[in-house]
Amino acid sequence: MNQPTRIFPQYEHHDHHWSIVLAGGQGKRLAHFIKQRCGDYRPKQYCAIIGRRTMLRHTIDRIAPLFDPDHVMVSVNAAHLPWAFSELHDRPPRTIVIQPYDRETAPGILLSLLHVHHEDPQALIALFPADHFILGEDRYRAYVRQAFERVEAEPERTVMLGVPPTSVQSGYGWIEPGEPLHGGALRAVKRFWEKPDDQFMRYLHDKGCLWNTMTLVGTCTHILSLMERHMTNLYSAMRSVIPSLGTRHEMEATERIFAPLPPVNISRGLLERVPEHLSVLSLQGIYWSDWGDEQRVRHDIDALEHHDLPFSDEQNMLNAG
């Protein structure tokens, strides 16, 4: 059955604005829930948890107005290719970056950044996880555009998107904002806290810290330079794939590099080490939830069904699509 045509607001596309949708996760914590919801075991990003679109398609559609279609790269896991090809059959093959093995977030991000830099050395890049639930999408896109504007003005600082917590709950990374920058909503980053224990989490909540959405915007060259400096072993191993990018030898070279790599988390491996290179925008008027936990997913589904979440106009859109 053909999907209905979706009409998106039209924005000016920037030649050097790129995005990477991160869809390589395994989603093991949601495996039982996904089996109940979708009828089989599959990574959550390939499941239509609400409406008829999968989480991956929701993510791609959410950011579609901001980018030239050829500038939306999707990072997938080789083990998920049957679902990925079914979901992404309408996308140019060169926009699909295949990770041969799951090695946590940093290797997949680095491989995708190398692809983008190979295509456009002047690229400004935004990273979007494919497993987030967001209401207030127009406002969300406005924040992404604002982040791009700040990076264009200050290329040596990468912008993170943070969100004020709606509760005290575990499983989230936190950002401690520092002083305001440029007299606006942008603030320096004082420190990252990756999934703190319950007691310290309450302290961060009361202190006005933000949940880390893991959406970030920066120049491709700056992020790569930070990874080269602070993740030397990973970068040194991965850079050898560059000559094979876009050739028939790419997958073979990538498999050879990925096979011995240890898992590396981008937050612990990089972001926690470079707060002086980062700033944060606090997302106001947006409902955001990381659907990595079954309890959070069930809470949001129940709230949607009882019209107990903000942005009811978008609830209708989500349920319809």
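A few points about this structure:
- Shape call, the chain: gyration tensor on alpha carbons, a/c limit 1.5: rounded
- If you take all other residues with their beta carbon under 13 Å from the beta carbon of residue 267, and give Lys and Arg +1 and Asp and Glu -1, the sum is 0.
- Residue-wise HN-Hα couplings along the range 202-219, as the Karplus relation 6.51 cos²θ - 1.76 cosθ + 1.60 with θ = phi - 60° gives them from phi, are 5, 5, 5, 4, 5, 7, x, 6, 10, 6, 8, 7, 6, 8, 9, 10, x, 6 Hz; Gly and Pro carry x.
- Straight-line reach from residue 35: taking Cα to Cα under 20 Å and skipping same-chain neighbours fewer than 8 places apart, the lysines in range are 44.
- Remark: spin-label model distance residue 265-residue 52 equals 3.9 nm, labels positioned 7 Å along the Cα→Cβ axis.
- Across the range 135-146, coupling constants 3J(HN,Hα) worked out from phi with the 6.51/-1.76/1.60 Karplus curve, θ = phi - 60°, read 10, x, 5, 4, 5, 4, 4, 4, 5, 4, 4, 4 Hz, and Gly and Pro carry x.
- Bridgeable lysines around residue 207 (alpha carbons under 20 Å apart, same-chain partners fewer than 8 residues away excluded): 190, 195.
- Listed values for the range 259-273 are Karplus-derived 3J(HN,Hα) couplings in whole Hz (6.51 cos²θ - 1.76 cosθ + 1.60, θ = phi - 60°), namely 3, x, 5, x, x, 9, 8, 5, 5, 6, x, 10, 4, 5, 8, and x replaces Gly and Pro.
- Across the range 216-306, the relative contact order, built from alpha-carbon pairs under 8 Å that are at least six residues apart, equals 24 percent.
- Furthest towards positive pole of dipole, 188, 304, 259, structure part the range 17-320, Cβ charges: 259
- Residue 17 long-range amide H proximity, modeled H, under 5 Å: 124
- Here's the picture: charge each Lys and Arg Cβ at +1 and each Asp and Glu Cβ at -1 in the range 36-114, and of 93, 111, 49 the one pushed furthest to the positive end of that dipole is 49.
- The relative contact order of the range 17-320 comes to 25 percent, based on Cα pairs under 8 Å that sit 6 or more residues apart.
- Under a model in which nothing but the beta-carbon of Lys, Arg (+1) and Asp, Glu (-1) is charged, the chain shows a dipole of about 560 debye around its Cα centre.
- Stretch gain in nm, segment residue 207-residue 303, where the contour uses 0.36 nm per residue and the Cα spacing is subtracted: 31.8 nm
- Summed residue charge, Cβ within 15 Å of residue 248's Cβ, Lys/Arg positive, Asp/Glu negative: -1
- Mean Cα-pair separation over length for the range 1-147, i.e. relative contact order, pairs under 8 Å, 6 or more apart, %: 34 percent
- Cα-based shape type of the range 95-164, given that a ≥ b ≥ c are square roots of the gyration tensor eigenvalues and the cut on a/c is 1.5: oblate
- DSSP-defined antiparallel bridges as percent of all bridges, the chain, nearest 5: 55 percent
- Amide H contacts under 5 Å for residue 191, placed H, 5+ residues apart: 176
- Ascending count of other beta-carbon atoms within 10 Å, so fewest first, for 21, 297, 274, 168: 168, 274, 297, 21
Rule-based calculations on the coordinates, nothing more; no lab input. On a predicted model such as this, the values are computed, not experimentally measured, just so you know. We place every Cβ from the backbone using ideal geometry, glycine too, and count neighbours over all the protein chains shown.
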